[in-house]
1. If I take the rotation axis that carries chain D onto chain A, which residue of chain D has the nearest beta-carbon, and at how many angstrom?
2. Structure shown: which of A:126/B:242; B:234/C:209; A:101/C:126; C:209/D:209; A:126/D:126 lie over 30 Å apart, alpha-carbon to alpha-carbon?
3. When Cβ neighbours within 10 Å are restricted to other protein chains, what is their mean count per residue of peptide A:65-73?
4. If we count every other residue with Cβ under 12 angstrom of residue C:258's Cβ, Lys/Arg +1 and Asp/Glu -1, where does the sum land?
5. Which order results if D:159, C:143, B:188 are arranged by neighbouring Cβ count within 10 Å, fewest first?
6. Near residue A:96, within a Cβ-to-Cβ distance under 10 Å, what is the net charge of the other residues, with Lys and Arg +1 and Asp and Glu -1?
7. Efficiency by 1/(1 + (r/R0)^6): what FRET value for residue A:108 and residue A:17, r their Cβ-Cβ distance, R0 = 56 Å, to the nearest 0.05?
8. Can you give me the long-range amide H partners of residue A:327? Hydrogens built in the peptide plane at 1.01 Å from N, cutoff under 5 Å, separation of 5 or more residues or another chain.
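Please treat every number below as a calculation from the coordinates, not as lab data. Because the structure is a prediction, the values reported are computed rather than measured. Positions of Cβ are backbone-derived with ideal geometry, glycine not excepted, and every protein chain shown enters the neighbour counts.
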4 protein chains.
Amino acid sequence: MDFRSDNVASVAPEIMAAIAAANVGPAAGYGDDEISQRLEPAYSELFETDVRLFPVLTGTIANALSAAVLSPSWGAIYAETEAHINQDECGAPEFFTGGAKILPLQGINGKIQAEELRRRVDAGPKGFVHAAQPAALSITQTSESGTIYSAGEIAELSSIAHGAGLAVHMDGARFANAVAALNDGNQSCSPADLTWRAGVDVISFGATKNGVLGAEAIILFRTELAEEMAFRHKRAGQLASKMRYISAQLEAYIQDGLWLRMAAHANSMCWALADGLGAFAGVRIDKFGGANELFVELPGETVVALREQGFQFYDWPETIAAGPDRRCTIRLVTRHDTNPGEVNGLIAAVKKLAG
Amino acid sequence: MDFRSDNVASVAPEIMAAIAAANVGPAAGYGDDEISQRLEPAYSELFETDVRLFPVLTGTIANALSAAVLSPSWGAIYAETEAHINQDECGAPEFFTGGAKILPLQGINGKIQAEELRRRVDAGPKGFVHAAQPAALSITQTSESGTIYSAGEIAELSSIAHGAGLAVHMDGARFANAVAALNDGNQSCSPADLTWRAGVDVISFGATKNGVLGAEAIILFRTELAEEMAFRHKRAGQLASKMRYISAQLEAYIQDGLWLRMAAHANSMCWALADGLGAFAGVRIDKFGGANELFVELPGETVVALREQGFQFYDWPETIAAGPDRRCTIRLVTRHDTNPGEVNGLIAAVKKLAG
Amino acid sequence: MDFRSDNVASVAPEIMAAIAAANVGPAAGYGDDEISQRLEPAYSELFETDVRLFPVLTGTIANALSAAVLSPSWGAIYAETEAHINQDECGAPEFFTGGAKILPLQGINGKIQAEELRRRVDAGPKGFVHAAQPAALSITQTSESGTIYSAGEIAELSSIAHGAGLAVHMDGARFANAVAALNDGNQSCSPADLTWRAGVDVISFGATKNGVLGAEAIILFRTELAEEMAFRHKRAGQLASKMRYISAQLEAYIQDGLWLRMAAHANSMCWALADGLGAFAGVRIDKFGGANELFVELPGETVVALREQGFQFYDWPETIAAGPDRRCTIRLVTRHDTNPGEVNGLIAAVKKLAG
Amino acid sequence: MDFRSDNVASVAPEIMAAIAAANVGPAAGYGDDEISQRLEPAYSELFETDVRLFPVLTGTIANALSAAVLSPSWGAIYAETEAHINQDECGAPEFFTGGAKILPLQGINGKIQAEELRRRVDAGPKGFVHAAQPAALSITQTSESGTIYSAGEIAELSSIAHGAGLAVHMDGARFANAVAALNDGNQSCSPADLTWRAGVDVISFGATKNGVLGAEAIILFRTELAEEMAFRHKRAGQLASKMRYISAQLEAYIQDGLWLRMAAHANSMCWALADGLGAFAGVRIDKFGGANELFVELPGETVVALREQGFQFYDWPETIAAGPDRRCTIRLVTRHDTNPGEVNGLIAAVKKLAG
């Protein structure tokens, strides 16, 4: 009954099997093995365009290295205030760029608004030597609030950015959940539609939060950035000597739609939570975008009681300050391996407490 | 028949089993899981002193982050000319320190000589504001030439370094091979003897080259460095969200002596090579320190023929320049999973060609 | 009739004389000359405490090097949104710190509010490894809006900062104007009262804007920072070989109260402007803190006409967008060498246009 | 009787006059003044090609910023072992590049040898992702040994560098002395011949050591580098608000051949020293290139006695270790304001001691 984050998840059996399958005799190091060599073709097919791909260990380094190839050290990067790149990476983007600034944009429900971006970009210090030079926009998909940018929204933001000479980065730590959500029911929206066709230059393609052991991919749609990235990637200590075991994860992840199946499951568990909890009088759905994160407001005493019963989750962003009456917002995250029993258990518990 | 490097090796079954065993349900992220929490006690026991431990993905980042806590950005680090930290990390130490210099020392058989270190340190620009300030010494164990520093040699180098106010780092990418070699037969030399008891402040404790999937440990004997390291580690993108799978490798690695058994096997395969090849008229043992790297000089035509037969290895450092008569030095590396058949196959092949 | 900035000012004759007087025969380089050696005693006397002093060329580098000794590279520095350190230094603080973040605080009339600082500091991510660590507060005196912090206000902000483990930096590019203003009439407030006695650890002590040719001083009240600063200062290219000519400026600047006489003159010229312009119906005093910067709102057509008549100044921050009716705010800066004729000329011109 | 360095020199009257002449009323800041605007045309004429020019305070920052536009942060720069860029800038090039390496070349009499450069470049790790990537060559003119590269020698080195994809930087801290020396008597060699016509991309054009108060110029022959340099220059804290006073120095410096007259005088004083001292039995001319630095070997007791008589100079590089018999090498530097009396005084003193 753990709803803390998707990074508490276990590793999918398919991913474990792929790692085991890679463990056969010696293989060339540093990505010169056969599995690693197959990654770029596979991802180029997935994205319907030639891409260059660099496997890395974490989302932090994926974002930081992406920032570093998109911004000079005197540059600045627009991002939503709560974006990981702004708040959760201990200054990694600032470090790997050599001192660029993150310029926070206040979004709505976690999503950058086109109008706000346009206003900021228009007022920006282009060519003004006294100010850090806006160089990139970073979009988080799904956002930190679990909401999803449509292809059209991304295209509009990208268009503003490109029009001002900015590159576009996507932090896709939960990209799979967005793609799965946007292909639910009658909708259809390809990975390509949500990235390069909508103007994205580079994506931090997440996998670890969605059933993988420890692998993310920096995917360059502007392939000419690959030469520089190769050196930055090595120098960042991300060129694993036994790369085959990381590559095997990334290969299996997109094989036969595994990544979208896992994300769709996580999303459906979250829908079930939203439907179940939303029906109760004492509960208010604060934010839910159709992916795998749900923010709900509950009576403070309910939150306390749930924890006592062993349910795990984070208050977001407020802590319960004064007395049991105080309303409290919590974040619930579902995973590829969340089972219906956990979801039903939580719904039943809330029903008793605040139904 | 692959003698290119120990990083071409497969992963040991014990390590794979540990990863699989860690894959049970949800677990806290970012190192707050139970396995990760057991690492520092386990390694403190191994090293017979309280240590702080930070798991990382590669040796490059282990060295670079170690450098960063031991040298200010205006500092300088002495290292053997061929040390990884000087030649093979694409400037990672310079980057992570914020611009420190590596000052190369010309060793003998890959080992830094005390006299040379003393001479350089004495002539060093301590307090001279125009020069980068010597801040650390980095020792590679086993060295890039496969040779081994004794505990006494390390203690002497450390003593010179500490006497001049320098910290001491050990690049222990192949530390296991050194420990195994120094505990062969009647000898006895503990991990503690070879590190902190001999004055080492921080070690990049290698595991990946010795049967692990992808995990190294930065081990701080000066535990007060841990606070700073925690932020540097996170900011470098090395705080894996699913740390348990990395920690499981590092835990299994030292359980029941696995690491030393694997290293001892690799070393014994190298002894077999050295004994076998050294007996042939056309072969000269160039460098062999008793660990898992062997440098042998052969006729150029032999080298060409071996490659044609499918043997894999690197010329080191010279390439065959002119004609089949030119002598050529090659590096042969044995692994935890090198089997006697490979070794015997190579010896037999050389016997035919240059015996 | 130039009211653009105090950096358009000429150099005071006393400063020129000091430079000329320094130009006698050879003298030791890099600050080992006699004049340079006299600076620390002189400034220690001025500030009534032992200080360490590093002469630099610009305010940008004074702020950036101050930031670098007060914040680790994974740190963060609170500053008012419009502070130079946040907006006007092309990322220099981020660069020299090695990637620290500036966290903007929205002030009132350019001044950081204690309550806002307390709120932010309390909510700060102390020890949370995922976030850049708040390390310092930077206060601009006079503020970018020309307003002045009292000694009590500085002490309150410093107290909050120190209470949270933050160092306190003062950007004193116009410190002289503040001191002069706070010692006008019956008031009395020493340089010491406004800095270390109020909790300031390091000040970027400005001089160039106030009649000096090109010299600022980083003054360390926490003298133990000097060892580190010496190397950072040299490495930043600020250890001038002919330091005597820079030191001579800084010595003459505080001799016999020159700095305060010049600042008091600039302030009095600004008071004259404020009194004169404030009397007109069409003019609204937007911000005036009693120092040498005045922000006034005028009809757009008046602004256009003034420029046509040759008056020079900057719109701040808004530009005239639509039609002559639009109100416009301009910034007027007076200098040590602004003469009453310029001031009266501007008042007379505005009187005709908007009186 | 000060032969320590040319940075102990006074400022030439023409330079002082130019500064005084610039001190007339207000002028636009940050290089938008008229004097600053005249610099690029003037230097373009001097160098017979369009150049972009950035005034800076010190040679250290000139070199470091030049390195930063010529090398990526994962790059490497070849330089002579004793070059300032390698030994005397406290890691400034490493810092401003973001972590590039300086690769030292052992020269002869301070000059990089073409053969050695070719050998190193040929063996270089071009495209090898594990190694810092050679990106530039830096040539010091005159060298740290006071020797001079001919135009042909520079062209040969540049040709090797460019052939390998490296940019070429010249550290011209004493460029004036080289030009003056190469235009002595019947020789003729223009500034253009010694720089861009010989393949130099960027020069740190020194002035401070040759009679200027405090000004150096980064001159870009590859003018497309100017856009990036503008931001780096500002961010380094080198965009002086009162730039006119720095620009005035650089303008006067090259007017009517002042720079070459001053350098020629310094050189002639050095020739006089070399001729005078070289005639004595106890003296050996160690290095003299015809510019303003002379290295002579003397009996240790002579050195001691000269110091007792008030002569000032540096031992180079050796200190007197044991007893008065030990031979000692000293460096003698002459200046634009060295007078014949000083030179004759030294010669006479040595004559008495070791003649």
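1. Residue plus distance in Å, as requested: D:98, 2.
2. Details: A:126/B:242 41 Å; B:234/C:209 42 Å; A:101/C:126 21 Å; C:209/D:209 28 Å; A:126/D:126 35 Å.
Cα-Cα > 30 Å for A:126/B:242; B:234/C:209; A:126/D:126; rest within.
3. Details: counts 1, 0, 0, 2, 0, 0, 0, 4, 12.
Mean number of neighbouring Cβ atoms from other chains: 2.
4. Details: positive: C:261; negative: C:14, C:251, C:256.
Counting the neighbours of residue C:258, the net charge comes to -2.
5. Details: D:159 15, C:143 26, B:188 9.
Ordered from fewest to most neighbouring Cβ atoms within 10 Å, D:159, C:143, B:188 come out as B:188, D:159, C:143.
6. On the way: positive: A:232, A:235, B:235; negative: A:89, A:94.
Here the count lands on +1.
7. Working: r = 42 Å, r/R0 = 0.75.
Computed FRET efficiency for residue A:108 and residue A:17: 0.85.
8. A:300
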